[in-house]
Every structure is written in structure tokens, then in C-alpha cells.
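Heads up, the thing below is written out as C-alpha cells.
The values are calculated or read from the model by the stated rules, or taken from the named source; none is laboratory data. Remember, it's a predicted structure, so these values are computed and weren't measured experimentally. Reconstructed Cβ throughout: ideal geometry from the backbone, glycine too, with neighbour counts over all protein chains shown.
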Amino acid sequence: MRIGGIDINNPILLAPMAGVTDYPFRILCKEMGAGIVYSEFVSADGIIRENAKTLDLIHFEDAERPIGVQIFGGDARVMSNAARYVVDSFKPDILDINYGCPVPKVTKKGAGSAALKDLCLMDDITSAVVESVSDIPVTVKMRAGWNDDSIIVPKVGERLEKIGVSAIALHPRTTKQRYTGKADWRYIKELKDACSIPIIGNGDIRNMDDMIRMFEYTGCDAVMVGRAAQGNPWFFQNAVAALNGEPEPTPPSLLDIAKTCKRHFELLLENRGERTGANLMRKHFSNYIKGFPGAAIFRQSLVTAPDLNAMNDALSAFMQAAENE
Ligand SMILES: Cc1cc2nc3c(=O)[nH]c(=O)nc-3n(C[C@H](O)[C@H](O)[C@H](O)COP(=O)(O)O)c2cc1C
């Protein structure tokens, strides 16, 4: 698959997830075979103000390429300036626009999925961004509509394609649905039928069967996986094998999980500093450490560790137990 001029090795992409798809996690997923990884959504306002914490979210390494940086905002001029800033300063392979975030704090400002109920705004933002970063592909990640009475796919796909968007990722829930109910894959199929640009299917892929079913039912060019990859970068090696008809790889041992936790933690501390890194890692620990005997005890001690020293001690205890397995 190609997006713009970019070759994608595997059509299985890591979904952008705030607080999850940090640089260490993206590296791990990329090593396991993810075809594209994305930053979490980054505020266009924060980018143009050169807010240090905002810019930290964009940091990536060449080993992650091809990588997409996702931005959000409700003002076309700010979005186009932010897009230009990101491309000039960080040189990602893809610039992605967020039209999917359902959180009221974001949509109240006209950002995220607010554009689903104001297609003129969506046109303005998209055109401004496509024009300002014409040197790299611009993609869009969106939901199916604001609510059940205002579904905008597949029609909006033709509009976005005409404006110059290079691919669309669709999470076919509505804004009002948030994460309830089911993603309605019918909309992915309709969007694929209506567009010539690559369509990326997203929503409710929990295992290999779901992934194969989404490809077969919708005809999408790639799939994007979010929650099923949390604490499970191995998802991507299984997915690549399943897609190529190869035997399922050996599941990670407890020691593999412990070593992955340690590596993730070290990279996060290096990249985000001790305080932020340790705080961000709590969520990752609770994602990694589950589904084996005694997991709850290790998880509890890591997630509730009051400071970095206590966290390091708890991690050593987990590593020791894994080595003795
Ligand atoms: C914790 C979390 C954070 C998310 N953050 C973002 C984000 O920053 N940008 C975005 O476009 N979608 C975000 N999403 C939505 C996911 O990218 C994806 O569309 C959604 O989880 C459905 O896919 P899944 O069923 O494979 O999880 C987030 C989802 C979760 C669970």
C-alpha cells in the first residue's frame, strides 16, 4: 500500500492514542511490524505557541518511520500554521488531521469531531492544511458522523479526496456514541466504494479473526488497531503472520513482558524526564501486566508506587519473578 508517495510495508497501523502512543510504545510496535505509527493528537494552538510539553509529544526517531503526526484544532489558519511548523521542525512522513475526538473539552472549541457537524469548517481546515504542507501527504482520521441522524460518510470522503487528502482512517462510531455500542463497519465499506484514495478501517479489532473479517468485509486498504495493542505490541507480529498465512508466533513469555516493560520505562524516562515519565508509565504497566497468575499483585505495586525508587524496586521484583519462571 502507498499513501501519497510513501510505501507502507504492512497494512496494519497503530492507532493514535493519547497517553498511550508515546515514543517508546511506537518503537516497540514498529519493531513488531506496525506499518505506520502515529503520535497522539497534538494541539495546533500549543504547537504555534511552541509550548514545550506539546512539542515533546511530537518527538520521534527515524526508526519509527513512516510516522504520522496528528494535530487537532478548530481554526483553519492556526491548523495550517501548526502543520507547517510540524513539517519544518520535525519532518514526519504524514500529517494527520483529527476529526474524531469526541471529548467535549475539544469539540466545544470547534476541534476534533466538531468538524463532523460543520462541513464548511472541515473543508476550510482541510484545504488550509493541504495547501500549507503540499510537500507531504495529509491524511484524515474521522468518525462516521456527529450522531445517528447526521452520518456523513461516504459523501464526505469524496469532498476530502477532491481537496487533496491522501488517505482516510474511519472509526465508524458517532461522536455521541463515544466508545459505546459497536463500530459499524458498513460505513468503512461504503467509504471504500466511494473513494479512490486508500481507506483505513478502524474500530473493534480485538484479535486476528476480527482483522481478517474487516479486510474481507470492507475491502479496506489497511486496518488501524488501538485498544487491542495497548500493553500488547506483539499484536502486530501476530497480525503480520496471520495476514501472510504464516503460523502464529510464540506468545511472549513473562520474561519478554518484563523486559519490554523495562525497556519502555527506560525510554520514557529518557524522553520525558523522571516525573512525567514515571507518571505516564503507570498506565502502561497496568496494560502490560495482566492475564497471568500473580499479575494483580505486581500490577498493583507498580501502579501505586509513590516515587521513582519504589517503582524501580517493584519492577526489579517483577523481573526477578519472571526470571525464575
Ligand atoms: C486511550 C485512548 C486514546 C485515544 N486517543 C486518540 C487520539 O489522540 N487521536 C485519535 O485520532 N484517536 C484517539 N483514540 C481513538 C483510537 O485511535 C481509535 O480510533 C479507537 O480506539 C477505536 O479503535 P480500537 O477499537 O482499535 O481501539 C484514542 C483511543 C483510546 C482508547
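Consider GLY145 carefully, then state whether it is buried (at least 23 other Cβ atoms within 10 Å of the Cβ), at pLDDT 95 or above and not polar (S, T, N, Q). When the stated conditions are applied, GLY145 does not pass them. Residues in the range 72-92: is at least one within 13 Å of the ligand (Cβ to nearest atom), in the same structural domain as ILE151 (by TED's automatic domain parsing) and either among the hydroxyl-bearing types (Ser, Thr, Tyr) or not in a loop (DSSP other than H, G, I, E, B) (or both)? Within the range 72-92, one or more residues are within 13 Å of the ligand (Cβ to nearest atom), in the same structural domain as ILE151 (by TED's automatic domain parsing) and either among the hydroxyl-bearing types (Ser, Thr, Tyr) or not in a loop (DSSP other than H, G, I, E, B) (or both).
For the range 129-142, a tally of residues being among the small types (Gly, Ala, Ser) and buried (at least 20 other Cβ atoms within 10 Å of the Cβ) returns 1.
Of all residues in the range 21-45, those being in contact (Cβ under 8 Å) with a residue 24 or more places away in the chain, of a type in the set (Val, Ile, Thr) and within 15 Å of ASN98 (Cβ to Cβ) number 1. Every test in (1) under 30 Å from TRP234 (Cβ atoms); (2) more than 13 Å from the chain's Cα centre (by Cα); (3) part of a helix (DSSP H, G or I) is passed by ASN10 save one, and that test is (3).
Checked against (1) over 30 Å from GLU31 (Cα atoms); (2) in a loop (DSSP other than H, G, I, E, B), GLU190 meets all criteria but (2). Flag set for CYS120, criterion: farther than 22 Å from GLN230 by Cα and out of contact with any Cys (no Cβ under 9 Å at 6 or more places or on another chain).
Scanning the range 201-212 for residues that are over 19 Å from PRO102 (Cα atoms), surrounded by 15 or more Cβ atoms within 10 Å (Cβ to Cβ) and not acidic (Asp, Glu) yields a count of 4. Scan the range 191-208 for residues that are within 16 Å of the ligand (Cβ to nearest atom) and among the polar types (S, T, N, Q) and the total you get is 2. Under the condition of being assigned to a helix (DSSP H, G or I) and over 13 Å from the mean Cα position of the chain (by Cα), the residues counted in the range 25-50 number 7. Entry remark, the range 36-59: residues being within 16 Å of the ligand (Cβ to nearest atom) and either buried (at least 24 other Cβ atoms within 10 Å of the Cβ) or among the β-branched types (Val, Ile, Thr) (or both) number 10 in total.
Among residues that are on the phi < 0 side of the Ramachandran plot, at pLDDT 95 or above and more than 21 Å from the chain's Cα centre (by Cα), ARG186 is included. Taken together, ARG206, ARG272, ARG282 contain a single residue that is of a type in the set (D, E, K, R) and either under 20 Å from ILE67 (Cα atoms) or out of contact with any helix residue (DSSP H, G or I) (no Cβ under 6 Å at 6 or more places or on another chain) (or both), which is ARG272. Across the range 214-226, the qualifying residues are those that are within 14 Å of the ligand (Cβ to nearest atom) and either free of Cβ contacts under 8 Å to residues at least 12 places away in the same chain or not in a helix (DSSP H, G or I) (or both), and the one among them that is farthest from ASP96 (Cα to Cα) is CYS220.
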